[in-house]
Amino acid sequence: MIGDHVTGWGTASAGVLLALLLLATSVPSQSEEDIYRYTSASRDGIGKVYMGREIAHVMGHRGAAWLQRPEREQRERTDLLLSLLPLHPGDVVADIGAGTGYFSMPIADIVGKAGRVLAVDIQPEMLEIIQQRARAEGVSNVEPVLASDTNPMLARESVDLVLMVDAYHEFAFPREVLLHTVASLSERGRVVLVEYRAEDRAVPIKRLHKMTLAQAELEMTAVGLILEQVHDALPWQHVMIFRRQDMAQRAEGK
């Protein structure tokens with residue numbers, strides 16, 4: 001998941017390097033002091049607060065086995081999540097905080113050979129796992145992208161769907177990542193944010209690793225996204241679909 005330190009490009013593909021050369025994203029200049037505040041870290045947080053929410057500790061590559069646990073599909077209905085995503089053959093999808101590629105691989109099959117999945121993570125170890133899985137499974141349309149804490153390294157207006165599953169709450173620089181993410185969206189692009197429901201105390205996840213719908217909408221709205229649809233069919237998670245506000249207004253002829 002995004003949040004650890006980047007140590008190098010590892011074995012990232014030539015396609016990743018080309019994407020970086022095409023990158024032309026401009027993020028408004030604003031000091032970190034204007035965006036974040038700092039406090040004593042709680043047990044599961046880093047002591048950095050964004051819009052009233054303490055940022056959670058990141059789960060590093062040593063937790064890869066937990067991401068691939070056999071019971072995950074049944075307990076979290078990841079199969080249902082995939083069916084809720086607005087995916088089409090030929091789409092370019094960015095899986096930000098891709099981890100082990102748990103979602104990148106099946107999405108690659110859905111978008112087909114004409115589509116691409118950009119598996120974005122800041123941990124080279126996670127990207128190596130994804131590459132190994134892609135080779136073993138014969139998947140050719142998943143491209144690893146080594147990001148930084150502040151930039152997912154996506155080309156401007158090039159992505160049809162951005163997916164962030166249980167990762168956003170760990171981003172050390174959420175505003176910066178989101179601004180770059182918004183700039184990467186195509187005209188029909190969507191951002192799908194999946195987070196454990198903080199409104200539900202029965203969800204067996206640590207508090208800082210959950211988000212309320214209201215908090216998520218607050219943070220997405222701050223970077224020019226508007227909530228388009230919410231699915232709460234999953235046992236534990238919100239599935240929130242956002243669209244660029246300017247694109248929505250253009251589509252409505254405003």
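Structure data summary
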quantity: Full-extension gain in nm, Arg201 to Glu137, via 0.36 nm per residue minus C-alpha separation; calculated: 19.2 nm
quantity: FRET efficiency estimate (nearest 0.05) - Cβ-Cβ, Ser148 to Leu80, R0 35 angstrom; calculated: 0.60
quantity: Projected-area mean, the range 176-253, by convex hull of Cα positions, square nanometres; calculated: 5.5 nm²
quantity: The range 61-251: antiparallel DSSP beta bridges as a percent of all, rounded to 5; calculated: 40 percent
quantity: Charge dipole of the range 61-251 about the Cα centre (unit charges at C-beta), most positive-ward option of Leu213, Gln229, Gln131; calculated: Leu213
quantity: Whole-Å semi-axes of the ellipsoid equivalent to the range 106-181 (Cα gyration tensor, √5λ, descending); calculated: 22, 15, 10
quantity: Check: the range 122-254 dipole with +1 on Lys, Arg Cβ and -1 on Asp, Glu Cβ, in debye; calculated: 160 debye
quantity: Pair Ala214, Ala251: separation of 7 Å Cα→Cβ label points (nm); calculated: 2.8 nm
quantity: Contour excess over end-to-end distance, with Cα ends at Ile35 and Glu128 and 0.36 nm allotted per residue; calculated: 30.2 nm
quantity: Translational diffusion of the range 61-251, µm² s⁻¹ [Kirkwood Rh, Cα pairs; Stokes-Einstein; 37 °C; 0.692 mPa s]; calculated: 197 µm²/s
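Every number here is computed from the coordinates shown, using simple stated rules; none is lab data. The structure presented is a predicted model; accordingly, all values stated were derived computationally and were not measured. Quick reminder, even Gly has a Cβ in these numbers, built from the backbone with ideal geometry, and neighbours come from all protein chains shown.
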